[in-house]
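Here the structure is laid out as structure tokens; the discussion comes afterwards.
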Amino acid sequence: MIDTILNFRSEMSFDRMLKIKTTGRDDTGADDMNYPYEPTPYSVLQRVSGTGLIGKKNHLLDYGCGKGRVSFFLSYQTGCRCTGVELNERLYKKALQNKETAVSGNKCSFLMENAASFEVPSEIDRAFFFNPFSVKVLKPVIYRLKASCRINPREIRLFFYFPSLEYTGYLMQEESLMFEDELDTSDLFYENQKREKVQIYRMNI
């Protein structure tokens, strides 16, 4: 219980620093295809930003961005530009509200789009996923990333936080993706979870 309270206070302090409001789970509009909103812990995002794989020259696409936490933090921490894609109108509007006050709001943009049919802009070279949707949606998402990469050849890295076995199984079999690294994040939390990690893949076209 004490550990939970301390984690919540830490999350709130980062929100205050970034001048945004992103805490709390939101099940609005969730179903078998599109999963509930749950913000990626700041401690995990700190570890991702510390890899050196995201920097000022990169443009990150956050799938299922919710209220925009990933975009606001990583743009602030690494200097990258970020685009968030969100299907849920309620969450999309909250991301726009946060953009108005966020310290790094000028580096972030948000779109209300269906990820499965979203045409990936040619400048995107990084993508982040925290289980925003099912593998049925992930497959066309990967297809559109590949299509964008064929039109404008470039190195694209994909970051998957807390991946399910279904996600990992599909990603390992996808020929266009090469497993590159895995960040162990289990030490950041009291409960030891096998899924507490960030898997990093590189797209090869």
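The table that follows gives values for the structure above.
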read-out	value
Counted residues, the stretch 92-102 - those being among the aliphatic types (A, V, I, L, M), in a helix (DSSP H, G or I) and surrounded by 22 or more Cβ atoms within 10 Å (Cβ to Cβ)	1
Selection from the stretch 7-28 of residues that are under 13 Å from K94 (Cβ atoms), in contact (Cβ under 8 Å) with a residue 60 or more places away in the chain and of a type outside the set (S, T, Y)	I20, K21, D26
Matching residues in the stretch 125-152 - criterion: being over 25 Å from K57 (Cα atoms) and in a helix (DSSP H, G or I)	V135, K136, V137, L138, K139, P140
Which numbered condition S122 misses (of (1) of a type in the set (G, A, S); (2) assigned to a loop (DSSP other than H, G, I, E, B); (3) surrounded by 22 or more Cβ atoms within 10 Å (Cβ to Cβ))	(3)
Any hit, the stretch 187-196, residues being at pLDDT below 95, over 18 Å from V120 (Cβ atoms) and outside any loop (DSSP other than H, G, I, E, B)	yes
Residue count, the stretch 153-180 (criterion: outside any strand (DSSP E or B) and under 22 Å from K57 (Cα atoms))	3
Flag if S117 is surrounded by 13 or more Cβ atoms within 10 Å (Cβ to Cβ), more than 29 Å from E196 (Cβ to Cβ) and more than 15 Å from the chain's Cα centre (by Cα)	no
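The values are calculated or read from the model by the stated rules, or taken from the named source; none is laboratory data. Quick caveat, the model's predicted, so the values are computed rather than measured. Ideal geometry is used to build each Cβ from the backbone, glycine not excepted, and the neighbour counts take in all protein chains shown.
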